[in-house]
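Participant: I am attaching a structure below and will ask some questions about it afterwards.
The values are calculated or read from the model by the stated rules, or taken from the named source; none is laboratory data. Here the structure is a predicted model, which is why all the values come from computation and not from measurement. Don't worry about glycine lacking a Cβ; one is built from the backbone with ideal geometry, like all the others, and counts go over all protein chains shown.
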């Protein structure tokens, strides 16, 4: 969430930002009105408490002078003041909750380079990397390749779990593990700390990481528990330092994690076909950084470089796009997608999403940096990016490296992890 002081001091900036996001700017005025009412009510509570202190002294004086009549009168007055304080404190709490609920509707202040746009159709292509393969035979999609080789079973998983799940078999399951170990080794060499996070989180933590409205669309909640399955380990990593103040000499903290991820995928991009590209359950290696505010732009470029390095080592053609203002999630200051080439679709598909969230997520969880020189505390910045989501990378490998005989060549970078297998299905 944004700092309320920013809304108070620069409402025009906020309105300009919301307008660029194609949102209703009236919410800024609503927040300011509620904030003024809250501050007025808070002053009234302070005034009433002062009155209570004065009356309390008067009661003590009356009792000392044995003026019981005045003492009883003042005690009655004290009860009225106490009741008024209780009512006004409830009003203060209610106004604060209303104000902060509206405050959550405001998006992060976007980077000035974020392109104007209405939706994902107006995202901006930054670059293309790698040679798109050409084939001298009729290519197959990844489902056809895998079912012909007997390396996946979508029918059995539909019976056991429903659409959007899968059984990986034999060499495909080995490829999945090879990708995990390849990415772990790659990130470990970059000096990032490896984390294996919990797969369930409290909703308070998730609420700081995602829009609460997204809960019903993407998050699996556990009935009767204040817990949900993670949709990405990014959320768990964010919560790892909740309510902590980190000395600036310990920053940046660079993490990467492996986890299973779970998503409902309700809505326009729901599960409507069998395959590995969009599923309810998948494996992912995630990158996450906590840093000083002045470092976040540099960390943004570093996270992109890491993901590009992984995709380049796998020999996959890809492109990088910048999300326009209309496609940018509320908590993001700036975001790039890395998309890999899918020859069966003759198009690129997203495999990684890079985000600089600046102080938007950290503020809600109270994560701060302690400045060494002044010993003051300020909200730090958080960033995240996918390293590898194995299911989508497997789709890209299967489709880009397929052969005429129906097998799939294993990228050289993965061969050391494939137990001597250099061609899947051979």
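Participant: Which one is nearest to residue 131 (Cα to Cα) among residues in region 344-358 that are in contact with a helix residue (DSSP H, G or I) (Cβ under 7 Å, 6 or more places away or on another chain) and crowded, with 19+ Cβ neighbours inside 10 Å?
Facilitator: 351
Participant: Inspect region 102-109 for any residue being exposed (fewer than 14 other Cβ atoms within 10 Å of the Cβ) and either assigned to a helix (DSSP H, G or I) or outside the structural domain of residue 364 (by TED's automatic domain parsing) (or both) and give the result as yes or no. So that I can check it myself, show each step before the final result.
Facilitator: Step one: list which residues in region 102-109 are exposed (fewer than 14 other Cβ atoms within 10 Å of the Cβ), which gives none.
There is no residue in region 102-109 that is exposed (fewer than 14 other Cβ atoms within 10 Å of the Cβ) and either assigned to a helix (DSSP H, G or I) or outside the structural domain of residue 364 (by TED's automatic domain parsing) (or both).
Participant: Also: Of the residues 391, 329, only one is in contact (Cβ under 8 Å) with a residue 60 or more places away in the chain, closer than 17 Å to residue 232 by Cβ and surrounded by fewer than 21 Cβ atoms within 10 Å (Cβ to Cβ); which?
Facilitator: Details: 391 fails: surrounded by fewer than 21 Cβ atoms within 10 Å (Cβ to Cβ).
So the residue among 391, 329 that is in contact (Cβ under 8 Å) with a residue 60 or more places away in the chain, closer than 17 Å to residue 232 by Cβ and surrounded by fewer than 21 Cβ atoms within 10 Å (Cβ to Cβ) is 329.
Participant: Something else: For region 234-274, which residues satisfy the criterion of being on the phi > 0 side of the Ramachandran plot and at pLDDT 95 or above? Working first, answer last.
Facilitator: Let us first name the residues in region 234-274 that are on the phi > 0 side of the Ramachandran plot, namely 243, 265, 267.
Across region 234-274, the qualifying residue is only 243.
Participant: Just to verify a result, which residue in region 149-177, among those that are without any contact (Cβ under 8 Å) to a residue 24 or more places away in the chain and crowded, with 16+ Cβ neighbours inside 10 Å, is farthest from the chain's Cα centre (by Cα)?
Facilitator: Here the residue is 153.
Participant: Among the residues of region 53-70, are any under 21 Å from residue 364 (Cβ atoms), part of a helix (DSSP H, G or I) and out of contact with any helix residue (DSSP H, G or I) (no Cβ under 9 Å at 6 or more places or on another chain)?
Facilitator: Initially, region 53-70 is screened for residues under 21 Å from residue 364 (Cβ atoms), giving none.
No, there is no match, as no residue in region 53-70 is under 21 Å from residue 364 (Cβ atoms), part of a helix (DSSP H, G or I) and out of contact with any helix residue (DSSP H, G or I) (no Cβ under 9 Å at 6 or more places or on another chain).
Participant: Within region 180-213, track down each residue that is under 14 Å from the mean Cα position of the chain (by Cα), surrounded by 15 or more Cβ atoms within 10 Å (Cβ to Cβ) and touching a residue at least 60 places away in the same chain (Cβ under 8 Å).
Facilitator: 205, 207, 208, 209, 210, 211, listed by residue number.
Participant: Out of the residues in region 403-413 that are touching a helix residue (DSSP H, G or I) at 6+ places or on another chain (Cβ under 6 Å) and not in a loop (DSSP other than H, G, I, E, B), state the one that is farthest from residue 352 (Cα to Cα). Walk me through how you get there before you give the answer.
Facilitator: So the first thing to find is which residues in region 403-413 are touching a helix residue (DSSP H, G or I) at 6+ places or on another chain (Cβ under 6 Å), and the list is 406, 408, 413.
Checking the rest, the ones that are also not in a loop (DSSP other than H, G, I, E, B) come to 408, 413.
Working: 408: 23, 413: 19 Å.
My answer is 408.
Participant: Consider residue 282 carefully, then state whether it is modelled with pLDDT of 95 or more, over 22 Å from residue 343 (Cβ atoms) and in contact with a strand residue (DSSP E or B) (Cβ under 7 Å, 6 or more places away or on another chain). Steps first, answer last, please.
Facilitator: Details: modelled with pLDDT of 95 or more: yes; over 22 Å from residue 343 (Cβ atoms): no; in contact with a strand residue (DSSP E or B) (Cβ under 7 Å, 6 or more places away or on another chain): yes.
The answer is no for residue 282.
Participant: I would also like to ask the following. Can you confirm whether residue 96 is at pLDDT 95 or above, closer than 19 Å to residue 38 by Cα and in a loop (DSSP other than H, G, I, E, B)? Working first, answer last.
Facilitator: Numbers: at pLDDT 95 or above: yes; closer than 19 Å to residue 38 by Cα: yes; in a loop (DSSP other than H, G, I, E, B): no.
Spelling it out, it is not the case that residue 96 is at pLDDT 95 or above, closer than 19 Å to residue 38 by Cα and in a loop (DSSP other than H, G, I, E, B).
Participant: Let me ask another. Any residue that is at pLDDT 95 or above and over 33 Å from the mean Cα position of the chain (by Cα) - is there at least one of those in region 18-40? Break it down stepwise before answering.
Facilitator: Keep residues of region 18-40 that are at pLDDT 95 or above, which gives 18-40.
This time we only want the ones that are over 33 Å from the mean Cα position of the chain (by Cα), so: 40.
Within region 18-40, one or more residues are at pLDDT 95 or above and over 33 Å from the mean Cα position of the chain (by Cα).
Participant: Please list, ordered by first then second residue, the pairs with beta carbon atoms under 9 Å, 6 or more apart or interchain, first in region 11-28 and in the same structural domain as residue 326 (by TED's automatic domain parsing) and surrounded by 16 or more Cβ atoms within 10 Å (Cβ to Cβ), second part of a helix (DSSP H, G or I) and modelled with pLDDT under 95.
Facilitator: Hits for this filter: zero, empty list.
Participant: Ok, one more. Can you run down the residue pairs with Cβ atoms below 8 Å, 6 or more apart or on separate chains, where the first is in region 411-426 and in contact (Cβ under 8 Å) with a residue 12 or more places away in the chain and the partner is surrounded by 12 or more Cβ atoms within 10 Å (Cβ to Cβ) and assigned to a strand (DSSP E or B)?
Facilitator: Once the first residue is in contact (Cβ under 8 Å) with a residue 12 or more places away in the chain and sits in region 411-426, its partners that are surrounded by 12 or more Cβ atoms within 10 Å (Cβ to Cβ) and assigned to a strand (DSSP E or B) give 422/409; 423/408; 423/409; 424/408; 424/409; 425/408.
Participant: Which one of the conditions (1) on the phi > 0 side of the Ramachandran plot; (2) part of a helix (DSSP H, G or I) does residue 22 fail to meet, given that it meets all the rest?
Facilitator: (2) is the only condition that residue 22 fails.
Participant: Out of all the residues in region 301-309, is one or more surrounded by fewer than 21 Cβ atoms within 10 Å (Cβ to Cβ), assigned by TED's automatic domain parsing to the domain that holds residue 157, without any contact (Cβ under 8 Å) to a residue 60 or more places away in the chain and assigned to a strand (DSSP E or B)?
Facilitator: No - not one qualifying residue is present in region 301-309.
Participant: For residue 113, state whether it is assigned to a loop (DSSP other than H, G, I, E, B) and either modelled with pLDDT of 90 or more or crowded, with 18+ Cβ neighbours inside 10 Å (or both).
Facilitator: Taking the combined requirement at face value, the residue satisfies it.
Participant: Could you tell me which numbered condition residue 376 fails, if it satisfies all but one of (1) touching a strand residue (DSSP E or B) at 6+ places or on another chain (Cβ under 8 Å); (2) at pLDDT 95 or above?
Facilitator: (2)
Participant: Let me ask you something else. Whether any residue in region 393-402 is part of a strand (DSSP E or B), modelled with pLDDT of 95 or more, closer than 21 Å to residue 281 by Cβ and in contact with a strand residue (DSSP E or B) (Cβ under 9 Å, 6 or more places away or on another chain) is what I want to check.
Facilitator: no
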